[in-house]
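Engineer: I am attaching a structure below and will ask some questions about it afterwards.
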Amino acid sequence: SPQLVLAAGASCRCLWPQLPASLRFSWAGVLVAPAAAPSLPSPSPWLRHARRGGIVQPLNWRRPALEAQVPGLESQAWIVDAGLAPWGEQLLLGQISLVGPQLDPQSPPDPALMERRLRQGLADLDPRLGDWEGVYRQVAVPFCSDGRPLVGPAKGEPGLWLFTGFSGAFSTVPDLAEDLASQLALAMA
């Protein structure tokens with residue numbers, strides 16, 4: 001193909017090792033929980049908002065600051081951004097992010113430890129959320145430590161385009177995907 005877009009998540013560097021050093025990845029985990037249960041004697045205002053389709057996001061979103069620290073880290077570090085988001089008939093509870101200098105996208109961290117940390121962070125927002133029944137899920141997630149995702153043509157590699165390294169994917173990817181599609185259409189015209 002005359003044009004190729006590299007958008008393979010945390011595996012991008014495995015496919016193209018020459019990517020900038022700013023491209024890193026973290027292990028991110030959430031709890032996937034049924035939205036309908038449990039019945040609480042006094043419902044959490046956070047839970048009511050999420051059940052109505054709203055997103056509860058931390059006032060001080062800590063993940064971007066953690067990502068910016070990665071180039072200078074000598075050991076692993078983690079944070080919990082406690083929040084809720086509707087996901088079909090379920091809710092996503094919180095997000096734990098683990099970063100470090102020697103993480104491997106093929107070697108996930110201990111899920112039981114990560115879930116305990118996530119549940120403690122949720123309990124800090126609302127003690128009832130830390131005990132919520134749910135299934136812990138984790139995945140390797142790419143980001144750029146300088147906060148600038150890799151979107152557009154790869155330098156010195158004709159036909160190779162990059163689309164990875166987003167810190168706030170839900171808010172930035174839709175617009176950037178349209179921009180990239182327009183650039184590709186112009187390049188192929």
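The values are calculated or read from the model by the stated rules, or taken from the named source; none is laboratory data. Remember, it's a predicted structure, so these values are computed and weren't measured experimentally. Neighbour counts run over all protein chains shown; Cβ positions are idealised from the backbone, glycine included. We work out accessible area using only protein heavy atoms, side chains counted, and drop any ligands, DNA or RNA first. Shrake-Rupley method; radii C 1.70, N 1.55, O 1.52, S 1.80 Å.
Engineer: Tell me, what HN-Hα J-couplings in whole Hz come from the Karplus equation 6.51 cos²θ - 1.76 cosθ + 1.60 at θ = phi - 60° for each residue of the range 172-181, using x for Gly and Pro?
Structural biologist: Residue by residue, the range 172-181 yields 9, 4, x, 5, 5, 5, 5, 4, 5, 4 Hz.
Engineer: Now a separate question. Per Stokes-Einstein, at 20 °C and 1.002 mPa s, what whole-number D in µm² s⁻¹ belongs to the range 8-98, with the Kirkwood radius over Cα pairs as the hydrodynamic radius?
Structural biologist: Roughly 140 µm²/s, to the nearest whole number.
Engineer: Test of understanding: given the chain, find the longest segment containing no trypsin sites (Lys or Arg not before Pro) that are in a DSSP loop and have at most 15 other Cβ atoms within 10 Å.
Structural biologist: Counting at most 15 other Cβ atoms within 10 Å as exposed, the longest clean stretch of the chain is 63-154.
Engineer: Can you quote the Å³ per residue value for the convex hull of the Cα atoms in the range 117-189, rounded to an integer?
Structural biologist: Convex hull of Cα atoms, per residue: 137 Å³.
Engineer: Now for a separate question. Whole-Hz ³J(HN,Hα) for each residue in the range 79-96, computed from phi via Karplus 6.51 cos²θ - 1.76 cosθ + 1.60 with θ = phi - 60°, x for glycine and proline: what do you get?
Structural biologist: Per-residue couplings from phi come out as 9, 10, 9, 7, x, 9, 8, x, 8, x, 8, 10, 10, 9, 10, x, 8, 9 Hz.
Engineer: Let me ask another. Taking 7 Å along the Cα-to-C-beta vector as the label spot, tell me the His49-Leu186 distance in nanometres, rounded to one decimal.
Structural biologist: 3.9 nm
Engineer: Roughly how many Å² is the accessible area per residue of the range 1-95, as a whole number, for a 1.4 Å probe?
Structural biologist: With the other protein chains kept in place, the range 1-95 gives 57 Å² per residue.
Engineer: Antiparallel as a % of all DSSP beta bridges within the chain, to the nearest 5?
Structural biologist: Taking every DSSP beta bridge with both residues in the chain, the antiparallel ones total about 90 percent.
Engineer: Write down the radius of gyration of the range 86-153 and its Dmax, each obtained from C-alpha positions, in Å.
Structural biologist: Final numbers for Rg and Dmax: 14.8, 47 Å.
Engineer: With all protein chains present, how much of the accessible area of the chain (probe radius 1.4 Å) comes from carbon and sulfur, to the nearest whole percent?
Structural biologist: 58 percent
Engineer: Taking just the alpha-carbon atoms of the chain, what radius of gyration and Dmax come out, in angstrom?
Structural biologist: 18.5, 62
Engineer: Then there's this: Within the chain, which is the longest segment containing none of the GluC sites (Glu not before Pro) that sit in a DSSP loop and have at most 13 other Cβ atoms within 10 Å?
Structural biologist: Answer from the scan: 1-73.
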